[in-house]
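The values are calculated or read from the model by the stated rules, or taken from the named source; none is laboratory data. What you see is a predicted model; the values in this text were computed from it and never measured. Counting neighbours? That spans all protein chains shown, and the Cβs are built from the backbone with ideal geometry, glycine included. Quick note on the areas: whole protein, heavy atoms, side chains included, nothing else; ligands and nucleic acids left out. Shrake-Rupley method; radii C 1.70, N 1.55, O 1.52, S 1.80 Å.
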Amino acid sequence: MEMDIKKVEKKWQKYWEDEKLAEFKPKNVDKKYYCLEMFSYPSAAKLHLGHWYNYGPTDSFVRFKKMKGYEVFQPMGFDAFGLPAENYAIKTGVHPKDSTEQNIENMEQTLKEMGAFFDWSAEIKTCYEDYYKWTQWIFLKLYEKGLAYRKEAPVNWCPSCKTVLANEQVVNGECERCHSTVVKKDLTQWFFKITDYAEELLTGLNDLDWPEKTKLMQKNWIGKSTGGEIEFTCESGDKFKVFTTRADTLFGVSYVVLAPEHPLVKKLTSKKQKKAVEEYILQTSKTTEIDRLSTAREKTGVYIGHNAINPINGKSVPIYAADYVLYSYGTGAVMGVPSHDERDFVFAKKHDIPIIRVVKGVNCDDTLPFTDDGIVMNSPGFDGLTSEEARKAIISKLVKTGQGEHKTNYRLRDWLVSRQRYWGAPIPVVYCDKCGCVPVPEEDLPVKLPYDVEFKPDGESPLKKHQGFMETTCPICGGKAHRDPDTLDTFVCSSWYYLRYPDAKNPKEAFNSKIINKMLPVDKYVGGAEHACMHLLYARFFTKALRDMGYLDFDEPFKSLVHQGIILGPDGLRMSKSRGNIINPDPYVQQYGSDTLRLYLMFGFSYIEGGPWNDEGIKAITKFLDRIERLAIKINGYTGKKSNQVTKEDKELLYALNYAIKCVDNDMENFSFNTAVARLMELLNALTKYDALENKNVTLLKNCFKQYIQLLAPCAPHFAEEIWEMLGGKPSIFTTDFPVCDQKALVKDEVEVAVQINSKIKAKLMIPNGASQDEIKELVYQDEKLKEELKDKEIKKFIIIPNRLVNIII
RNA sequence: GCGGAUAUGGCGGAAUUGGCAGACGCGCUAGACUUAGGAUCUAGUGGGCGACCGUGGGGGUUCAAGUCCCUUUAUCCGCACCA
């Protein structure tokens with residue numbers, strides 16, 4: 001390459017910055033296009049290939065939108081709280097604030113070297129007071145609204161480190177550091193009541209331009225099921241409810257199960273069974289939820305030595321404690337119907353529990369368990385009803401006696417936001433002996449995270465050990481009080497950051513509603529599919545909650561969503577330190593330049609699929625840009641020679657140009673970057689071919705080539721600016737309009753049509769554009785080769801697909 | 001286990017949504033130019049000598065299937081304290 005790519009990159013990055021080309025101009029808000037990439041965690045490894053893949057091509061999309069006349073807003077920031085920085089501190093003693101700030105600085109620099117149109121004037125760092133102050137403010141608003149509450153919930157506890165562990169730190173049921181067996185321990189923790197919005201979060205999915213699979217994942221995650229709650233009364237007089245979607249099988253109940261954590265288990269267990277039950281509970285505390293729900297795993301459980309009464313028939317059935325029932329789902333209790341549920345069937349066989357059939361199949365299927373709907377039997381008063389009728393009828397009967405109700409249940413659970421860690425936003429409440437749990441008044445925010453803390457894990461979290469932080473006074477009575485030693489889940493910080501960006505420096509409010517209502521929702525959100533169920537759901541919940549408090553007038557934060565794929569290691573496996581297959585983008589940027597790496601990422605992979613890294617293809621991109629540069633230099637040297645005559649070749653070139661404009665426009669819009677680049681390569685081939693002609697029209701060629709550089713510009717921004725300037729264009733090329741397709745140039749005089757006989761290709765014919773069916777038939781019959789094939793044959797059917805093919809059935 | 005997805009040449013990947021499978025590129029082969037060069041250009045490149053056969057396997061619908069239906073296999077991703 002002739003040009004010094006490093007110099008060119010610096011030159012244009014400086015120009016863009018000086019001209020503030022990436023800054024959003026509020027006066028043009030009517031033409032706004034808010035494109036957001038998920039912000040990143042400031043890791044020590046600087047930018048990895050995944051960042052490049054997320055941000056590079058999406059920046060090209062943004063530049064494309066800018067050239068299409070939109071006022072684009074593409075902000076960037078850092079999700080800066082989190083576990084890794086704290087782990088790093090424990091290991092090395094470097095304070096999370098220091099390491100995080102250093103990492104952010106490094107990443108900012110490399111992000112700038114990428115040359116993306118990020119509006120740095122709106123940058124956000126979630127670990128800074130001016131941000132987490134408002135995270136705390138939102139917590140208070142949710143609390144006021146009754147959407148934040150406290151309850152007991154289990155945490156992973158390592159008995160030897162005396163510390164709470166993240167799921168990630170539990171490996172095969174053991175502590176990753178000391179390999180002790182991890183147990184569950186109950187703590188009082190904060191929850192957000194996302195379940196209040198379960199129904200709206202579900203129905204709202206219908207109107208979103210999101211990948212179908214993501215919507216389906218959220219739908220399943222929310223997990224709506226309709227059924228009823230039925231109340232069982234224990235012999236002791238205690239009552240508990242079970243949730244079921246199969247009330248039609250209520251007469252088939254031969255036992256009931258409580259989750260081992262259910263309070264009634266402790267209360268009702270008989271003396272004789274006490275030892276067995278306690279052992280079982282201990283065992284359960286070591287099992288993960290995924291294992292507990294596995295249908296392949298052996299169904300374990302113990303009889304607690306107490307019975308309950310089935311409200312529909314007064315029958316006494318045994319109560320079991322079993323870990324395949326989760327205390328956190330439904331009522332934490334289920335009824336056991338071995339005849340019509342596979343898990344119950346296995347359980348009953350093992351514990352010698354009677355199996356009573358109450359539904360028969362329409363087609364007389366008599367193997368048990370029978371899990372389909374059918375006709376109800378052995379159910380006095382309901383026999384002969386279909387399952388669906390019986391479900392309603394049975395619950396309705398129980399409603400009358402006050403022993404049941406129709407109920408919709410969701411698998412979605414409330415969001416646990418307490419983290420027993422240091423590096424997060426402190427929870428803005430204090431606990432007073434007199435006044436109880438008291439929210440910190442708004443004017444006292446932020447509750448600052450102290451710097452001087454001790455990280456070494458010794459049974460207490462760093463904040464709990466910090467007297468200066470913990471000891472405070474009650475805002476109500478002024479008496480002694482203490483703070484919450486926990487911090488907020490980092491997902492809380494990332495659930496509202498898209499609202500902060502458009503008004504990022506506002507010192508008076510989290511965001512200005514007037515501005516936000518104009519700038520939101522986000523027009524295009526781009527990020528990994530791994531966030532389908534959590535971040536994307538939490539953000540939707542926050543938006544709806546803030547709307548209901550009157551701060552926002554829109555219902556959904558992200559109108560349109562795209563997931564980029566994952567770039568795997570060269571071995572086809574996910575990149576990870578332990579595998580040693582991490583590809584560092586820096587050397588490629590150094591050697592080939594940022595445009596080349598970006599372009600390769602756009603061309604070499606299907607954007608939403610990703611795939612294994614392979615650097616063979618990157619040289620092809622260098623070659624491609626080289627060819628463009630050489631042609632540019634050559635064409636630039638031509639002196640104008642105008643010809644008014646339009647040749648066949650001229651027409652072909654114009655066709656190629658306009659076809660490319662149409663395709664690239666469409667492909668960029670749809671994040672189909674690999675095909676967009678393919679069309680650019682095709683057009684370069686067409687330009688090169690035309691250039692080789694003796695009687696070329698230089699003016700036409702120059703004009704087409706200028707448009708070519710405009711088409712290329714979003715995908716290779718520095719390179720295109722440089723060539724554009726060389727061709728005499730006024731910078732910046734990104735202030736020019738994206739070329740518009742001339743439909744007239746796309747009309748061809750004749751089209752090639754494939755001719756099939758009995759669905760096998762026999763010939764290809766040139767057919768004049770717009771020929772009638774009869775004219776096409778005539779042309780087919782005139783063709784020598786086809787004449788031979790069709791001789792003496794009876795034509796049964798003559799199928800014509802305009803401009804594509806003809807199929808003759810004989 | 002539950003939930004979600006994917007499978008097309010030697011490789012990365014296309015295919016206007018039921019209409020010419022393999023666009024574009026890598027790699028490979030041959031040639032040109034050359035200071036016998038990991039540069040550039042030009043041509044060829046799914047398989048088979050062939051009629052034909054080809055989109056993970058088997059079956060089906062259709063004039064026509066990579067695309068729709070049934071079935072099966074393999075691989076990958078998420079599962080609520082990683083972000």
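State in Å² the accessible area per residue of chain A; use a 1.4 Å probe, count heavy atoms of protein chains only, and round to the nearest integer.
Per residue, chain A has 47 Å² of solvent-accessible surface.
Any idea which of A:V447, A:A116, A:V522 is furthest toward the positive side of the dipole for chain A, if Lys and Arg beta-carbons carry +1 and Asp and Glu beta-carbons -1?
After comparing all options, I get A:V447.
At a Förster distance of 51 Å, what's the computed FRET efficiency of A:K112 paired with A:K434, Cβ-Cβ distance as r, to 0.05?
Efficiency at R0 = 51 Å is approximately 0.45.
Assuming R0 = 22 Å, what is the FRET efficiency of A:K796 and A:K760, from their Cβ-Cβ distance, to the nearest 0.05?
Between A:K796 and A:K760 the formula returns 0.90.
Using the basic label-point model (7 angstrom from Cα toward the beta carbon), what is the A:K315 to A:S606 distance in nanometres?
5.3 nm
Leaving out same-chain residues fewer than 8 places away, which aspartates and glutamates sit with a Cα under 19 Å from that of A:K651?
A:E682, A:D691, A:E694, A:D742, A:D749, A:E750, A:E752
Using the Cβ atoms and a cut-off under 13 Å, what net charge is assigned to the surroundings of A:G50, where Lys and Arg are +1 and Asp and Glu are -1?
Within the 13 Å Cβ shell, the charges total 0.
Pull up all non-local amide H partners of A:N409: gap of 5 or more, or a different chain, and H-to-H distance under 5 Å with H placed in the peptide plane.
The answer is A:S225, A:T226, A:G227.
Among A:N103, A:S40, A:Q13, whose Cα sits farthest toward the positive end of the charge dipole of the range A:1-117 (+1 at Cβ of Lys/Arg, -1 at Cβ of Asp/Glu, about the Cα centre)?
The Cα lying farthest towards the positive end belongs to A:Q13.
Would you calculate the separation in nanometres between label points at A:L693 and A:Q467, each defined as 7 Å from the Cα along the Cα-to-beta-carbon direction?
8.9 nm
Reachable aspartates and glutamates from A:K689, Cα under 12 Å, same-chain residues fewer than 8 places away excluded?
A:E649, A:D650, A:E652
Distance between Cα centroids, the range A:209-241 to the range A:436-493: provide it in whole Å.
Using only Cα atoms to place each centre, the spacing works out to 36 Å.
Pop out the carbon and sulfur fraction of the accessible area of the range A:720-763 as a percent, whole number, probe 1.4 Å.
Carbon-and-sulfur percentage of accessible area, whole number: 48.
Within the range A:25-157, what whole-number % of the accessible surface is contributed by carbon and sulfur, with the 1.4 Å probe and all protein chains included in the calculation?
That share works out to 49 percent.
Counting other Cβ atoms within 10 Å, keep those with at most 15, restrict to DSSP loop, and tell me which trypsin sites (Lys or Arg not before Pro) in the range A:730-810 are left.
For trypsin sites (Lys or Arg not before Pro) across the range A:730-810 that sit outside H, G, I, E and B with at most 15 neighbouring Cβ atoms in 10 Å, the list reads A:K748, A:K791, A:K793, A:K796, A:R804.
Considering the dipole of the range A:523-677 built from charges on the beta carbon (Lys and Arg +1, Asp and Glu -1) around the Cα centre, which of A:P570, A:Q590, A:L546 is farthest to its positive end?
My answer, from the dipole projection, is A:Q590.
Size of the dipole of the range A:177-267 about the Cα centre, Lys and Arg at +1 and Asp and Glu at -1 on the beta carbon, nothing else charged, in debye to 20?
Once rounded to the nearest 20, the dipole reads 520 debye.
Any idea what the dipole of chain A comes to, in debye rounded to 20, about its Cα centre with Lys/Arg Cβ at +1 and Asp/Glu Cβ at -1?
So the magnitude is around 580 debye.
From largest accessible area down, sort A:C35, A:C533; use a 1.4 Å probe on the protein chains.
Listed by decreasing accessible area, they come as A:C533, A:C35.
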